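A quick write-up on the structure given underneath.
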Amino acid sequence: MIPPDWSSRSSRRRTVCPNPWRRRAPTSTPGLSISTVDRRGFSSPPSRRYTAMAPSIDPQQFRDVLGHYPTGVSVITALSAAGEPMAMVVGTFTSVSLDPPLVAFLPNRTSTSFARLKDASRFAVNILAHDQEELVRRLARSDPRKMDDENWRLSPAGNPVLDGVVAVIECDLSSVAEAGDHYIVIGAVTDLYTERPTVPLLFFRGGYGEFAPKSFVVTEGRGMSGAVTQAQVLRSPVEQAAGELGGELTLFGRVAGDSVALATAAAPGGSQITPLGTRYPIAPPIGAQYVAWADAREQDSWIDKAIGATRDEIASYRRHLEDARRWGWSVNVAPDDAAHWPAVFPEVDGSDDAVKGRHAMVTRRMAESTRGREIDSLLDDAQYQVIGFVAPIFLAEGTAPELMVRLLLYPSVRMSKDEILRKGALLKNFAVSAAEQLRDSLATASAR
Ligand SMILES: Cc1cc2nc3c(=O)[nH]c(=O)nc-3n(C[C@H](O)[C@H](O)[C@H](O)COP(=O)(O)O)c2cc1C
């Protein structure tokens with residue numbers, strides 16, 4: 001197996017084959033050679049050898065095609081005979097067998113890191129978290145002392161365990177088989193545990209990313225292309241305004257009955273909460289900004305979607321619509337019991353399951369952040385725990401907005417009425433200038 005291109009996108013641009021572990025391909029017989037080898041000597045003859053006719057597959061095409069398959073990112077760690085920590089980043093870690101419990105990873109035969117690791121009788125697989133990209137960059141080097149500056153502890157089994165990883169699988173080294181220019185290393189699992197139930201780091205097509213549950217992700221080709229193009233135009237204004245307004249700024253577009261996150265940016269040092277593609281159904285209390293300028297029938301059908309709503313709630317949704325029209329922005333205020341949300345997500349979210357935790361967080365945030373507060377009802381001497389603001393973006397006069405912008409304050413901020421009015425007006429200003437930029441860009445595009 002030739003694993004995908006592990007180099008980052010930027011370095012890949014510099015050279016076609018920038019990574020030493022790929023460049024130094026061994027000159028072994030073409031075809032597949034599988035031999036279980038003695039883990040210390042690597043000298044046993046192959047137990048079985050398959051030498052297929054080597055088909056002419058272009059290596060670059062092989063990498064390009066297999067690069068469509070994402071991997072997780074793990075660090076294999078072990079102690080040397082001298083007690084020094086050793087590490088190697090792999091994207092090829094996989095589970096193999098439940099009974100007996102076996103896992104595997106595939107080091108390149110030229111890897112100097114693996115040349116050191118192979119002498120250890122046991123190792124640990126450290127599964128990296130979504131926020132450990134920098135750690136990968138530091139550890140994906142040949143330097144034998146690369147663990148010197150890292151934070152780790154020794155597990156009871158005697159393996160280095162890196163701080164902040166998602167999970168650890170401790171193994172005895174069971175066998176090493178040759179497979180083309182790589183080895184297949186099998187580990188017999190001796191212990192395994194979750195360290196931090198958060199979303200893991202993923203590697204795909206030369207870049208790093210993280211998992212977002214599918215139900216919140218918009219795939220291409222679902223009426224998105226126009227909206228995404230509009231979002232691209234506003235990408236840098238959104239980034240700049242996020243800093244100025246001091247929160248996460250997200251541009252939403254109306255796509256097939258949903259409000260979809262098209263571009264999002266957090267203020268420097270702030271939390272990025274909303275994954276791109278997050279999709280909220282336009283039903284009360286969500287989407288007043290889109291519906292407030294529509295005709296009475298569309299407003300009624302929006303309110304009809306509030307199945308099970310009480311008379312009071314329906315009256316309040318109607319007031320939200322009036323408010324949106326009157327002020328050109330709305331504010332969302334936390335109910336008292338939600339004033340102190342957990343500072344970190346999703347591990348403190350009450351769920352052991354990272355994906356469920358993230359779902360829960362996004363869903364709860366959606367519900368909490370849409371408790372609109374009528375602006376006219378704000379009291380001069382009161383303080384409010386403000387979660388965010390929303391404002392519509394009008395592309396053409398006299399038509400209902402197809403875009404809106406949301407400022408999410410995380411954690412929520414205590415504000416007086418005056419402060420709320422000022423911040424709301426600033427967001428509205430952003431929405432007006434965003435609309436102007438979009439109109440200009442559409443005019444330029446149609447003049448071409
Ligand atoms: C995300 C990522 C995944 C990698 N996966 C593997 C792998 O599965 N097998 C491998 O031999 N090298 C892999 N590498 C490369 C090695 O971690 C490391 O960069 C390289 O081996 C350094 O050279 P050395 O092994 O000679 O020390 C990966 C690198 C990165 C960044």
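For region 268-300, which residues satisfy the criterion of being farther than 18 Å from L321 by Cα and among the small types (G, A, S)? G269, G270, S271, G277 - these are the residues of region 268-300 that are farther than 18 Å from L321 by Cα and among the small types (G, A, S). Out of all the residues in region 120-135, is one or more surrounded by fewer than 19 Cβ atoms within 10 Å (Cβ to Cβ), within 13 Å of the ligand (Cβ to nearest atom) and either among the β-branched types (V, I, T) or in contact (Cβ under 8 Å) with a residue 24 or more places away in the chain (or both)? The answer is yes, given that some residue of region 120-135 is surrounded by fewer than 19 Cβ atoms within 10 Å (Cβ to Cβ), within 13 Å of the ligand (Cβ to nearest atom) and either among the β-branched types (V, I, T) or in contact (Cβ under 8 Å) with a residue 24 or more places away in the chain (or both).
If you go through region 234-271 and keep only what is assigned to a loop (DSSP other than H, G, I, E, B), under 30 Å from S316 (Cα atoms) and not aliphatic (A, V, I, L, M), you end up with G246, G247, G257. Of the strands (runs of 3 or more DSSP E) that lie entirely inside region 118-193, those containing 3 or more residues that are within 29 Å of the chain's Cα centre (by Cα) and in the same structural domain as F204 (by TED's automatic domain parsing) span 122-127, 160-162, 167-179. Look at (1) under 30 Å from P55 (Cβ atoms); (2) near the ligand (Cβ under 10 Å from one of its atoms); (3) out of contact with any Lys or Arg (no Cβ under 6 Å at 6 or more places or on another chain) and you find that A177 fails only one, number (2). When we screen S142, S155 for residues that are more than 12 Å from the ligand (Cβ to nearest atom), out of contact with any Leu (no Cβ under 7 Å at 6 or more places or on another chain) and among the hydroxyl-bearing types (S, T, Y), the only hit is S155. In region 68-117, which strands (runs of 3 or more DSSP E) lie fully inside it and hold 3 or more residues that are crowded, with 19+ Cβ neighbours inside 10 Å, within 14 Å of the ligand (Cβ to nearest atom) and in contact (Cβ under 8 Å) with a residue 40 or more places away in the chain? The qualifying strands (runs of 3 or more DSSP E) are 74-79, 85-90, 102-105.
The values are calculated or read from the model by the stated rules, or taken from the named source; none is laboratory data. Just so it is clear, the model here is predicted, and its values are computed rather than measured. Reconstructed Cβ throughout: ideal geometry from the backbone, glycine too, with neighbour counts over all protein chains shown.
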